[in-house]
1. Condition first: within 15 Å of ligand 2 (Cβ to nearest atom), among the hydrophobic types (A, V, I, L, M, F, W, C) and surrounded by fewer than 21 Cβ atoms within 10 Å (Cβ to Cβ). Now tell me which residues in region 83-131 satisfy that.
2. Mind checking which pairs have a first residue in region 39-68 that is under 23 Å from Val166 (Cα atoms) and more than 10 Å from ligand 1 (Cβ to nearest atom) and a second that is modelled with pLDDT of 95 or more and in a strand (DSSP E or B), Cβ under 7 Å, 6 or more apart or different chains?
3. Could you pull out the residue among Tyr150, Tyr161 that is more than 10 Å from ligand 1 (Cβ to nearest atom), within 20 Å of Lys50 (Cβ to Cβ) and either surrounded by 17 or more Cβ atoms within 10 Å (Cβ to Cβ) or without any contact (Cβ under 8 Å) to a residue 24 or more places away in the chain (or both)?
4. Mind checking which residues of region 273-283 are part of a helix (DSSP H, G or I) and surrounded by fewer than 23 Cβ atoms within 10 Å (Cβ to Cβ)?
5. Quick check on region 168-181. Is at least one of its residues without any contact (Cβ under 8 Å) to a residue 60 or more places away in the chain, surrounded by 22 or more Cβ atoms within 10 Å (Cβ to Cβ) and within 30 Å of Ser92 (Cβ to Cβ)?
6. Could you run through region 77-99 and say how many residues are assigned to a helix (DSSP H, G or I) and within 16 Å of ligand 3 (Cβ to nearest atom)?
7. Give the residues of region 182-197 that are within 16 Å of ligand 2 (Cβ to nearest atom), more than 15 Å from the chain's Cα centre (by Cα) and within 25 Å of Gly59 (Cα to Cα), sorted by residue number.
Amino acid sequence: MSKTRTDWTRAEISALFELPFTELVFRAAEVHRGHHAADEVQVCTLLSIKTGGCPEDCGYCSQSSHADSGVEATKLMDVREVLQSAARAKDSGSQRFCMGAAWRNPKDRDMPAIVEIVRGVRAMGLETCMTLGMLTQEQADQLAEAGLDYYNHNIDSSPEYYERVVTTRSFADRLETLENVREAGIAVCSGGIVGMGETREDRVGFIHTLATLPRHPESVPVNALVPVKGTALGDMLSDTPPAKIDDIEFVRTVAVARICMPQSMVRLSAGRESMSEVTQALCFLAGANSIFTGDTLLTAPNAGDDEDAALFAKLGLTPLSGAEPMRAVEAA
Ligand code: SAM
Ligand code: DTB
Ligand code: SF4
């Protein structure tokens, strides 16, 4: 297998975006088959362990205290409750349990409970992932020590567009946490959001940043913006500008991510609920090989387990790993 490249140029990535669509998807599918079983899709479950009231001003997020989205702030969930939820996820065939907290960063006083959660979820035989905001090196080391498998921290967009979406922290802050996570020996999950009004050049810059990290993230979530009323980007709901991302451009982004980061798991993340089966199928063809399942993401609705089981049956996809097959429901 050829060495994974981390020296992509923006011009090369831009040229991939400009390929005829079918040629781009064909190339991405080839890369996908060269590195992964193309009929296997990883199934992950998300749980918000601390919702809302976040001091950050991310323009897309329902959980920001700068937004007026109606999401109520909660305290950090009880360890026992989190473990019950993880057990349900395992039961319905999930491989990975991803836990999110609406924090700018965890406080040191939160760490003992977080460590207990990681230990407990891991003991159930699930892979663990957390997304808690910025981490110091010490906190990353603590999570590694507890056995955390993955840490999710998205760069979200190009360095240029980022500051138009978030002002309370910088792109450089994001990269610093990613470095701390790597240094601690935790696998990196980092991706972003498509459809925030960014240009194609921003999507190029977004993939370029990830594909030129010293090591590619093991997981790359590609989210389609879920526009939430009351957030700065909540207006991107219509077909008139600023409009919802075009499905073909979304699939192109997935394909380019797959080509530039051949070994990574590319996750078709938020936004699937409003995506047609055909668009999702094209994403799987273009190299997406991971999803979130369950009725809710963190606060937004998601295609539920039954719908996904039906989609998998229809497309002949199998959940990755030793996980049990997704429950019930034959395709019509
Ligand atoms: N507070 C932590 C942080 O920002 O790193 C973790 C939770 S945060 C909700 C995780 C990621 O979810 C964000 O980085 C963003 O990429 C994604 N996200 C949040 N709201 C979204 C939305 N409305 N549509 C699509 N993706 C979204
Ligand atoms: C990621 O890239 N997508 C997930 C996960 N990482 C934490 C979050 C999506 C959030 C969608 C909006 C919501 O549920 O509020
Ligand atoms: Fe807070 Fe994360 Fe939402 Fe930003 S994306 S407002 S940091 S919860």
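1. Trp103, the sole residue that qualifies.
2. Ile49/Met99; Ile49/Gly100; Ile49/Ala101; Asp57/Ser64; Ser65/Cys54
3. Working: Tyr161 fails: within 20 Å of Lys50 (Cβ to Cβ).
Step by step, each of Tyr150, Tyr161 is checked, and only Tyr150 is more than 10 Å from ligand 1 (Cβ to nearest atom), within 20 Å of Lys50 (Cβ to Cβ) and either surrounded by 17 or more Cβ atoms within 10 Å (Cβ to Cβ) or without any contact (Cβ under 8 Å) to a residue 24 or more places away in the chain (or both).
4. Quick first cut of region 273-283, residues part of a helix (DSSP H, G or I) only: 273-274, 277-283.
Answer for region 273-283, where residues must be part of a helix (DSSP H, G or I) and surrounded by fewer than 23 Cβ atoms within 10 Å (Cβ to Cβ): Glu273, Ser274, Glu277, Val278, Thr279, Gln280, Ala281, Leu282.
5. Within region 168-181 (the criterion being without any contact (Cβ under 8 Å) to a residue 60 or more places away in the chain, surrounded by 22 or more Cβ atoms within 10 Å (Cβ to Cβ) and within 30 Å of Ser92 (Cβ to Cβ)), the answer is yes, since at least one residue qualifies.
6. Let us first name the residues in region 77-99 that are assigned to a helix (DSSP H, G or I), namely 79-91.
Then keep just the ones that are within 16 Å of ligand 3 (Cβ to nearest atom); that gives none.
The qualifying residues number 0.
7. Residues of region 182-197 that are within 16 Å of ligand 2 (Cβ to nearest atom), as a first pass: 186-196.
With more than 15 Å from the chain's Cα centre (by Cα) added as a condition, the list becomes 186, 196.
If the condition is that a residue be within 16 Å of ligand 2 (Cβ to nearest atom), more than 15 Å from the chain's Cα centre (by Cα) and within 25 Å of Gly59 (Cα to Cα), then Met196 is the only one that fits.
The values are calculated or read from the model by the stated rules, or taken from the named source; none is laboratory data. Given the structure is predicted, the values throughout are model-derived calculations rather than measurements. Virtual Cβ from ideal backbone geometry, glycine too; neighbours counted across all protein chains shown.
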